[in-house]
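I have placed the structure first, in the form of structure tokens, so that the comments after it can refer back to it.
Quick note: the coordinates plus some simple rules give every number you see, no bench work behind them. What you are looking at is a predicted structure, and each value in this text was computed from that prediction instead of being measured. Positions of Cβ are backbone-derived with ideal geometry, glycine not excepted, and every protein chain shown enters the neighbour counts.
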Amino acid sequence: MSLLTRILLIFIFTISLPSFASPVNTTHLDSLYEERTAPDGTSVGIIHIYSEYPKYEWVKDPIEGVSAVDDISRALVFYTGLYAHQPEPAVMNKIIHLTRSILMMQAENGYFYNFIYPDNIINTTYKTSLAEPNWWTWRALWALASAYPVVKEHDKTLAAKMYDVLFTRTQALRGFVQETQTVTTLQGITLPVWMPNDGADQAAILLLALTRMQQISPQPHIEKMMRTLAGGIMTMQIRDVTSPVNGVFLSWKNTWHGYGNNQGYALLEAGTVLSDRDMVKAAFYELDNFHPWLISQGYLTSFSVSQSGGKVVVSDEQQFAQIAYIFRPMIFANLRAYEISRDVRYIDQAVTLAMWFFRGNVAGVQMYLPDTGLAFDGLDSGKSFNRNSGAESTIETLLALDAIERSPLAKKQLEEKLRRGK
């Protein structure tokens, strides 16, 4: 066989190999995005909250509005991550416009309003839209701090406004993150009283925001707040080797819920930036103990704990509804754990969690459709699921899968599992 013939055969064999398209499809999310003109004339980007089966058109809420800082912030974090490996002008355009929306929603007190009405007016009165220290404020800060380095390279004027918001106009945070650290007990469980709204879940989002801010401009008072929040999160960790939930970071008081359980991921990020081994080791303890158990149970959505006879007892276990927001934080944590430890068990765990989107759930339902980018709103039982595809589900799914895409080992393993169909 001649050299030319061998080259031709190799070429033919190569082009005939099956290709595997990226599962990260932004088509549906892009359809939820809209550019509007704010009351001050600024062009801003919003994300429509709800999209319902079967047409998947925009659906408004008559009380809340059409868009929320919660979802705009999620989308900004996603597009910022996507831009790292898909630096396309259309992606940058969304980053710029979504950033403007978040800045528009900041109130004079430094916190953020949440909802926007159909006429582009800010909803300043509804209970989950008030400018207060709550979920949407923490998420807005996390998104702005995450996007700042990218925006700075493309729009220095906008970046200067972001910097001012992050480091000047949020002075209220200093008084909100309490310096006095006392504890209480609830059903025998020791709990910190200095957590935002009694939750390690909210503390974790704020810790992620502060960690990104510390990376931009290290400041002693930011580090102090980070350590205060991290200390509270670690206080809410269960350490009882006889308990099935050993290692878990409780979410709110003496309960754990999967929705937004960013505690482990936040500690890995903060601990790395502050070179704090205790933070990092606490996170690994959850990943090594609680995550394998949770996977073995077919996943839970929530449970409560109490202490009886020196042992931690689990009660009120709930398995549904399972949503993307449960899985993305754990996938983030396991991928970060691999980056720190180079231990492939965390790649295995991340991919196992990601398979929930691809029939790897108790109902065997495909919860994400790569061909369209639709991500269903929830698994309601072992037999049924919610066919709607709103912003939260869509973005949390894409965040998780894009993180997998950016990890070569995780990407390869996920592709192999999908090819085998398991």
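Points to keep in mind about this one:
- Where residue 292 falls short, out of the listed (1) in contact with a helix residue (DSSP H, G or I) (Cβ under 6 Å, 6 or more places away or on another chain); (2) surrounded by fewer than 20 Cβ atoms within 10 Å (Cβ to Cβ): (1)
- Residues in segment 347-391 that are of a type in the set (Ser, Thr, Tyr) and under 16 Å from residue 294 (Cα atoms): 1 in all.
- Some residue of segment 221-236 being in contact (Cβ under 8 Å) with a residue 60 or more places away in the chain, under 18 Å from residue 138 (Cα atoms), in contact with a Leu (Cβ under 7 Å, 6 or more places away or on another chain) and outside any loop (DSSP other than H, G, I, E, B): no
- If the condition is being more than 14 Å from residue 398 (Cα to Cα), of a type outside the set (Val, Ile, Thr), touching a Ser or Thr at 6+ places or on another chain (Cβ under 9 Å) and not in a strand (DSSP E or B), then segment 32-59 contributes 38, 53, 56.
- Segment 376-422, subset part of a helix (DSSP H, G or I) and exposed (fewer than 15 other Cβ atoms within 10 Å of the Cβ), residue nearest to the chain's Cα centre (by Cα): 408
- In summary, residue 86 fulfils each of the numbered conditions (1) assigned to a helix (DSSP H, G or I); (2) within 22 Å of the chain's Cα centre (by Cα) with the single exception of condition (1).
- Which listed residue, of 297, 214, is without any contact (Cβ under 8 Å) to a residue 24 or more places away in the chain and farther than 24 Å from residue 193 by Cβ: 297
- Candidate set: segment 113-154, residues that are out of contact with any Leu (no Cβ under 8 Å at 6 or more places or on another chain), of a type in the set (Phe, Trp, Tyr) and within 19 Å of residue 391 (Cα to Cα); chosen: the one surrounded by the most Cβ atoms within 10 Å (Cβ to Cβ): 136
- The residues of segment 159-176 that are in contact (Cβ under 8 Å) with a residue 60 or more places away in the chain, surrounded by 19 or more Cβ atoms within 10 Å (Cβ to Cβ) and in a helix (DSSP H, G or I), listed by number, are 162, 165, 173.
- For residue 326, the conditions (1) out of contact with any helix residue (DSSP H, G or I) (no Cβ under 7 Å at 6 or more places or on another chain); (2) outside any helix (DSSP H, G or I); (3) crowded, with 17+ Cβ neighbours inside 10 Å are fulfilled apart from (2).
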